[in-house]
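First the structure, in the form of structure tokens, and then the observations on it.
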Amino acid sequence: MTDRSKYLHFHHFFSREIPETTGSELNMSTSKKHQTFCSQSMAGKPVTALPGIGKANGGRLQGHGTGSATQVLGRYLVNEGNQSQFQSWLKENSGANSKHSADCYNGVREWSNNNL
């Protein structure tokens, strides 16, 4: 394989379109906590109701003045749904790792898409 053909193969692999998933396909790969969160009202829910946020990360968020799921939704909206900004904020304020911050982002995004 020549250098050019390697490049074309590599470029083709990474430039392919990835099909979008439907809601039912997405639910097959999400947690029960995610599904529950996205199917209910957010009113009155603590931050620990958010996917990816457990007791430890929730406690740290509360220590930074963010105690409710609606406050986290507010941060998502202030960031205009920007994933990297939202996850950076969450990591800085809760200590969440990349997986947990992505789980939270995906839950808030899906809830927003369904309810706003």
All lysines inside 26 Å of LYS91 as judged from Cα atoms, apart from same-chain residues fewer than 8 positions distant: LYS32, LYS33, LYS45, LYS55, LYS99
Nonlocal amide H pairs with SER68, under 5 Å, H built at 1.01 Å: VAL47
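Carbon and sulfur atoms: what percent of the 1.4 Å accessible area of segment 34-116 do they account for?
On the way: 1900 of 4110 Å².
Taking all protein chains in place, segment 34-116 shows 46 percent carbon and sulfur surface.
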Cα gyration tensor category, rounded, prolate or oblate, for segment 34-93 with a/c compared to 1.5: oblate
Under the Karplus curve 6.51 cos²θ - 1.76 cosθ + 1.60, θ = phi - 60°, whole-Hz ³J(HN,Hα) for segment 102-116, x wherever Gly or Pro sits: 5, 4, 5, 4, 5, x, 5, 4, 5, 4, 5, 4, 7, 10, 10
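The values are calculated or read from the model by the stated rules, or taken from the named source; none is laboratory data. Just so you know, these numbers come straight off a predicted model, no measurement behind them. SASA here: full protein model, heavy atoms, side chains in, ligands and nucleic acids out. Shrake-Rupley method; radii C 1.70, N 1.55, O 1.52, S 1.80 Å.
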